[in-house]
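**Student:** One structure coming up, written as structure tokens, with questions to follow.
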């Protein structure tokens, strides 16, 4: 905990952008410790300068998060990742004054399912024609990569002979 607090302080001391945030992840519930240890760590990270604490729980209900929020008393922003307690309605999380919910695992898992489905279709048909109308276009891929900016940088920084064979 002390080492982590030092890392938080180092990050805040060297922060150059006001939009940069340090979110301190508290895994005490995951490790089987109780609310006292969770609060102790959350408070230490908060006092070290963390902009928010991320509280994790591995139980299938929101009970630990609710207990934490009652004890925390809005000392600072709280982030959660409800992978295990996904059945908790968003209104319940909102009523607890949760600052941010990260749905990261569900987005990742849905992407994996889509990739597996596409790979299976290509394998079965031995052609990409069957999936082409159901996947992102290459233009969308290039947009996500900001390819136009890369091309402009290449024009500016690469010599006209770059990439040509000797």
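Each value in this text was obtained by applying a stated rule to the coordinates, not by laboratory testing. These numbers were taken from a predicted model, which means no experiment stands behind them. As a convention, Cβ positions derive from the backbone with ideal geometry for all residues, glycine included, and neighbour counts pool all protein chains shown.
**Student:** In whole percent, what relative contact order does segment 2-102 give with Cα contacts below 8 Å and a gap of six or more residues?
**Tutor:** Rounded, it is 25 percent for segment 2-102.
**Student:** Here is a further query. Could you state the angle between the C-alpha long axis of helix 2-13 and the longest principal axis of the C-alpha atoms of the chain, as a value from 0 to 90 degrees rounded to the nearest 10?
**Tutor:** Relative to the chain, helix 2-13 is tipped by roughly 60 degrees.
**Student:** Moving on. Measure off 7 Å from each Cα along the Cα-to-Cβ vector at residue 122 and residue 63, then give the distance between these two points in nanometres to one decimal.
**Tutor:** For the pair residue 122/residue 63, the computed spacing is 4.6 nm.
**Student:** Another question, if that's okay. How long are the semi-axes of the equivalent ellipsoid of the chain, defined as square roots of 5 times the Cα gyration tensor eigenvalues? Whole Å, largest first.
**Tutor:** 41, 27, 14
**Student:** Next up: Return one number: the angle in degrees, 0 to 90 and rounded to the nearest 10, between the long axis of the Cα atoms of helix 147-157 and the longest principal axis of the Cα atoms of the chain.
**Tutor:** With rounding to tens, the tilt is 70 degrees.
**Student:** If R₀ is 25 angstrom, what is the calculated FRET efficiency for the pair residue 102 and residue 12, using the beta carbon separation as r and rounding to 0.05?
**Tutor:** 0.70
**Student:** Measuring from the lowest to the highest alpha carbon on each principal axis, how far does segment 106-157 reach, largest first, in angstroms?
**Tutor:** 45, 29, 16
**Student:** Right, here's the next one. Please report, in whole Å, how far the alpha carbons of segment 23-97 spread along each principal axis, starting with the longest.
**Tutor:** Result for segment 23-97: principal-axis Cα extents of 33, 24, 19 Å.
**Student:** When you count, for each residue, the other Cβ atoms within 10 Å and take the mean per peptide, how do 16-23, 32-39 rank with the highest first?
**Tutor:** Highest to lowest by the protection proxy: 32-39, 16-23.
**Student:** Rounded to the nearest 10 degrees, what's the angle between the helix 104-125 long axis and the longest principal axis of the chain, both from Cα atoms, 0 to 90?
**Tutor:** For helix 104-125, the angle is close to 30 degrees.
**Student:** Divide by every residue of the chain the summed helix terms, -39500 (n - 2.57) for each DSSP H run of at least 4, and state the resulting mean residue ellipticity at 222 nm, rounded to the nearest 500 deg cm²/dmol.
**Tutor:** Result for the chain: -15500 deg cm²/dmol, rounded to the nearest 500.
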